[in-house]
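Trainee: Take a look at this one; I'll ask things after.
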Amino acid sequence: MLANLSYRHKTPLAMSLVIVATAAVVAGALVWQGYTQAHLSFIQHSQVLGKTLARTLRPALLHDDVWQAYEILLTPLERSGDAGRALILLDARGQVFAASEPRQFAVLDNFSQAVGDPAVAAMLRPGKVQAVQEGGDGRYLYLRMPVLAEDGTVLGQLVQRYDQSLLAPRFFDVAAGTLTAALAALALLLPLGWLAGKRLAEPLSHLAECLTRVGREVPDAIHCQFPHGRDEIGQLAECFQGMVKELVAAQALEKHLAQSDRLAAVGRLSAGIAHEINNPLGGMLNAISNYRRRGSADPHAEKTLALIERGLVQIRDTVSALLVEAKLESRALTPDDLEDVRTLIAADAQAKHLRLDWDNRIASPDFDTSK
Amino acid sequence: MKDSLDLVVVPVFAGQPLYRSYLIVPAGERATRSILDLRGKVFAFSDPDSNSGWLVPQVELKRAGEDASRFFKKSFYTWGHRKVIEAVAAGLAQGGSVDGYIWDSLARLHPELTGATRVAWRSPTYGFPPIVARRGTDVGETLRHALLQMSHTPPGRALLASLNLDGFAPGDATLFAGIEANWRYLGT
């Protein structure tokens, strides 16, 4: 089906798909980057909170004041929307000293056992540096912050546990912002891409239309204009124009050949007719010539024979003109021609008792009747 | 110290100038009937100077022959009766000792808080913590007169109602003999 689709649609469609795919990839990358930054920012914010809480919790650990520790742990969680957050203060032995979720992390419970996560247990090894660890099931993020005495002794550890679903709103915020920007970009780029694709495909479509006219129309009627250029379309157009020129030339040659054929046929017919006429004509001219050679002295007969001879010569010349390569040579008027007229009308004039006044002073042309 | 103080009045709660110490546990915990059932648990005291929040449970344990310092897995002070209730309600402690008047009053004002706890045991009555004045001043007499008259005026009654008290009574030192006896018992 795609193979039957015109490039007029295929090219804009392909460009649009490329634009959409590009927008999707860029949006995905931006969302991922935004989410990563939000995650990092969340951790940094939590670490700052952990540092502050660790300093505040130091007196409670020193004075073994569970209630004070509990109230301090609740302080950052008093806002609404703090579900999924838990703060746990561990003593130096890793037992729960106080927790914001006392039912889940009871006082003096072993925290590692309560969590049951080897990755978290490994994170809780005593140390003076903070640590970040994702739980084995990926649901929770754990941050450990040591609680240090003035002399640097480790009094306990503050553990912050965050449900990673807390990052979902930030992710959706980033995704919504990116999606809005991507849609705005698509709204601008898609029409431009479609237009550009259409303009790119236009010369090709025009060329295809012109090619379809070849064979259906005479080459002379095919007049197609293409934009100038040396790109592939320009080269194709140039070839097409050359082809049309050659077709026009071939058509002219064919026409000329057909005309020549017709002329040759007429020539052959004329030659045949001329041959058929010339044969008896030559016989008659030879007969006149033989008669004169025997020396007839009859002036009237000579006059008549001359008239017949001129008529036969004229017939011969006319027949020769029928031949394709023969040229009709007109015979100049001679004084004898006029005398022939006088001979022909003399009998009629005598029968009607008419007097004929004759004055023939036409100069004789330089003409050889034997030819 | 009591020789340097004059008893001004004693608040009247539930018709008597008396109150109790309550042993409270989380509402879902149905087994505990006395403090002896809380061995090895986490326990919340209100204040080391409180009769109901510290002295009464200490005496109960001593009478049972228990060493209060080792009876619980861990104990701590919340420095307030209400906070004992909060600690037990939240599950931070599995038991606590609290002023009965405070628990009953909060049960009216914040039933969602006290509803998360259960009173497992009520102590005998003790004299309600009184209002005292330094001996040798007339402040005590003026104050006594004013407090005794509160229940006779509408504003006074409104104020007393907000405090969940019926009024004030003159009272006498014998009301606090039980507390004194506990104190002496624990000191021996």
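Trainee: Using amide H atoms built 1.01 Å from N in the peptide plane, name the residues 5+ places from residue B:8, or on other chains, whose amide H lies under 5 Å from its own.
Mentor: Here B:131, B:132, B:133 satisfy the definition.
Trainee: May I pose another question? If one computes P(r) from the Cα atoms of segment A:1-144, what percent of pairs lie at distances over 24 Å?
Mentor: Of all Cα-Cα pairs in segment A:1-144, 48 percent lie more than 24 Å apart.
Trainee: Still on this model: From Cα pairs below 8 angstrom and at least 6 apart in sequence, can you work out the relative contact order of chain A, rounded to a whole percent?
Mentor: So the answer I get is 14 percent.
Trainee: Another question about this same structure. Given axes a ≥ b ≥ c from the Cα gyration tensor, I'd like to know whether segment A:135-187 is rounded (a/c under 1.5), prolate (a/b larger than b/c) or oblate.
Mentor: It comes out prolate by the Cα gyration axes.
Trainee: Positive end of the dipole of segment B:101-188, charges at C-beta (+1 Lys, Arg; -1 Asp, Glu), about the Cα centre: which of B:170, B:128, B:143 has its Cα farthest in that direction?
Mentor: Checked the options; the winner is B:128.
Trainee: While we're here: Quick query: amide H of residue B:120 versus all other amide H atoms, modeled in the peptide plane; which residues come in under 5 Å with a sequence gap of 5 or more or a different chain?
Mentor: Hits under the 5 Å cutoff: B:23, B:24, B:25.
Trainee: For helix A:232-293, report the angle its Cα long axis makes with the longest principal axis of the Cα atoms of chain A; keep it between 0 and 90° and round to the nearest 10°.
Mentor: For helix A:232-293, the angle is close to 10 degrees.
Trainee: Then there is this: Let me know the shape class of segment A:210-263, please: from the alpha-carbon gyration tensor, a ≥ b ≥ c as square roots of the eigenvalues, rounded when a/c is under 1.5, otherwise prolate if a/b is greater than b/c, or oblate.
Mentor: It comes out prolate by the Cα gyration axes.
Trainee: Search the structure for amide H atoms under 5 Å from the amide H of residue B:16, placed 1.01 Å from N in the peptide plane, and list their residues when 5 or more places away or on another chain.
Mentor: The answer is none.
Trainee: A further question on this structure: Given labels modelled 7 Å from the Cα in the Cβ direction, how far is it in nm from residue A:153 to residue A:351?
Mentor: Between residue A:153 and residue A:351, the simple spin-label model gives 17.5 nm.
Trainee: Another question about this same structure. Taking Cα atoms, how many degrees apart are the long axis of helix A:335-351 and the longest axis of chain A, rounded to 10 and kept between 0 and 90?
Mentor: 60
Trainee: Translational diffusion coefficient, Stokes-Einstein: compute it for segment B:88-139 using the Kirkwood radius over C-alpha pairs as Rh, at 10 °C and 1.306 mPa s, and state it as an integer in µm² s⁻¹.
Mentor: 117
Trainee: Also, quick follow-up: List for segment A:102-119: residues with 40 Å² or greater reduction in accessible area, all protein chains versus chain alone, probe 1.4 Å?
Mentor: Those residues are A:102, A:103, A:107, A:108.
Trainee: Using only Cα atoms, locate the centre of segment B:24-41 and the centre of segment A:141-198, then give the distance between them in Å, rounded to an integer.
Mentor: 46
Trainee: Calculate what fraction, in whole %, of the accessible area of the protein assembly as shown sits on carbon and sulfur atoms when a 1.4 Å probe is rolled over the protein chains.
Mentor: 59
Trainee: Lone cysteines in the protein assembly as shown, going by a 4.7 Å Cβ-Cβ cut-off?
Mentor: Unpaired cysteines in the protein assembly as shown: A:239.
Trainee: Under 1.5 on a/c is rounded, so check that first for segment B:1-78, then, if it is not, pick prolate when a/b is larger than b/c and oblate when it is not; a ≥ b ≥ c are the square roots of the alpha carbon gyration tensor eigenvalues.
Mentor: Verdict is prolate for segment B:1-78.
Trainee: Percent of Cα-Cα pairs more than 26 Å apart in segment A:97-208, please.
Mentor: Cα-Cα pairs of segment A:97-208 separated by over 26 Å account for 51 percent.
Trainee: Rank A:154, B:98 by accessible area, highest first, at a 1.4 Å probe radius?
Mentor: Order by accessible area, largest first: A:154, B:98.
Trainee: Hey, another quick one. In nm², what is the average projected area of the convex hull enclosing the Cα atoms of chain B?
Mentor: That works out to 11.1 nm².
Trainee: Next question. Can you tell me the dipole magnitude for segment B:61-188 around its Cα centre, using point charges on the Cβ only (Lys, Arg +1; Asp, Glu -1), in Debye to the nearest 20?
Mentor: Magnitude of the dipole: close to 400 debye.
Trainee: OK, next. What residue among A:351, A:280, A:57 has its Cα farthest toward the positive end of the dipole of chain A, where the charges are +1 on Lys, Arg and -1 on Asp, Glu, each on the Cβ?
Mentor: A:57
Trainee: Can you count the Lys pairs in chain B whose Cα atoms are under 27 Å apart, with each pair 8 or more apart or on different chains?
Mentor: Lysine pairs satisfying the spacing and distance rule in chain B number 10.
Trainee: Each residue of segment A:135-140 in turn: what ³J(HN,Hα) in whole Hz from Karplus with 6.51, -1.76, 1.60 and θ = phi - 60°, glycine and Pro shown as x?
Mentor: Here the 3J(HN,Hα) series is x, x, 8, x, 7, 10 Hz.
Trainee: Under a Cβ-only charge scheme (Lys and Arg +1, Asp and Glu -1), can you give me the dipole magnitude of the protein assembly as shown about the Cα centre, in debye to the nearest 20?
Mentor: In total the dipole reaches around 1460 debye.
Trainee: For every helix of n ≥ 4 consecutive DSSP H residues, a contribution of -39,500 (n - 2.57) applies; sum these over chain B, divide by its total residues, and give [θ] at 222 nm rounded to the nearest 500 deg cm²/dmol.
Mentor: -10000 deg cm²/dmol
Trainee: For chain A, find the longest principal axis of its Cα atoms and tell me its angle to the long axis of helix A:168-213, 0 to 90°, nearest 10.
Mentor: Here the helix axis deviates by roughly 10 degrees.
Trainee: Another question, then. Calculate I(q)/I(0) for chain A by the Debye formula, one identical point scatterer on each C-alpha and no solvent, and give its log10 at q = 0.06, 0.07, 0.08 Å⁻¹ to two decimals.
Mentor: -0.62, -0.71, -0.76
Trainee: With only Lys, Arg, Asp and Glu charged, each at its Cβ (+1 for the first two, -1 for the last two), find how big the charge dipole of segment A:70-204 is about the Cα centre; round to the nearest 20 debye.
Mentor: 460
Trainee: Still on this structure: Pick out, from B:58, B:117, A:219, the residue whose Cα sits farthest towards the positive end of the charge dipole of the protein assembly as shown, with +1 on the Cβ of Lys and Arg and -1 on the Cβ of Asp and Glu.
Mentor: B:58
Trainee: Roughly what % of Cα-Cα distances in segment A:190-279 sit above 14 Å, to the whole percent?
Mentor: Within segment A:190-279, distances greater than 14 Å cover 75 percent of Cα pairs.
The values are calculated or read from the model by the stated rules, or taken from the named source; none is laboratory data. Source: prediction; values computed, not measured. Cβ sites come from the backbone with ideal geometry, for glycine too, and all protein chains shown count toward neighbours. To get the accessible areas, we keep the full protein, side chains included, count just its heavy atoms, and leave off ligands, DNA and RNA. Shrake-Rupley method; radii C 1.70, N 1.55, O 1.52, S 1.80 Å.
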